[in-house]
Amino acid sequence: MKDLGFANIILGIKISRTPNGIAMSVSHNIERILHKFDFYNSKPISTPYDSSIPLKKNTGEPMSQLEYSQLIGSLLYIFNKTRPDISHAVGKLSRYTTSNPSR
């Protein structure tokens with residue numbers, strides 16, 4: 001067995017040691033997802049989902065079913081691990097993964 005030292009990233013969670021203890025972050029993982037799906041330059045908002053606006057099926061320009069499913073899957077992984085604040089919004093959006101067939 002070989003000692004590899006302290007772990008830096010475990011299951012997508014970055015671990016940093018500070019004088020006050022240990023800090024965990026997924027910001028690098030979120031940035032990677034934003035770059036992958038071309039949302040990095042999007043405007044941030046404090047509330048990710050306005051529950052007063054009902055969601056409906058996409059009747060406009062179709063989007064890639066695979067890309068939408070990959071994005072929802074990436075968000076599900078993040079909220080299951082460290083971001084319960086977005087769980088409601090991601091859960092609602094995941095109901096629409098099959099509402100618009102792929103091109």
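The values are calculated or read from the model by the stated rules, or taken from the named source; none is laboratory data. Keep in mind it's a predicted model, so treat the numbers as computed, not measured. When we count neighbours, we look across all protein chains shown, and the Cβ atoms used for this are built from the backbone with ideal geometry, even at glycine.
Things worth noting here:
- Residues within the stretch 37-74 that are in a loop (DSSP other than H, G, I, E, B) and touching a Pro at 6+ places or on another chain (Cβ under 9 Å), tallied: 1
- Scanning the stretch 9-39 for residues that are more than 19 Å from the chain's Cα centre (by Cα) and surrounded by 10 or more Cβ atoms within 10 Å (Cβ to Cβ) returns 16, 17, 23.
- In the set (1) loosely packed, with under 12 Cβ neighbours inside 10 Å; (2) of a type in the set (Phe, Trp, Tyr); (3) modelled with pLDDT of 85 or more, residue 6 fails one condition alone, (3).
- None of 4, 34 is assigned to a helix (DSSP H, G or I), out of contact with any strand residue (DSSP E or B) (no Cβ under 6 Å at 6 or more places or on another chain) and not β-branched (Val, Ile, Thr) except 34.
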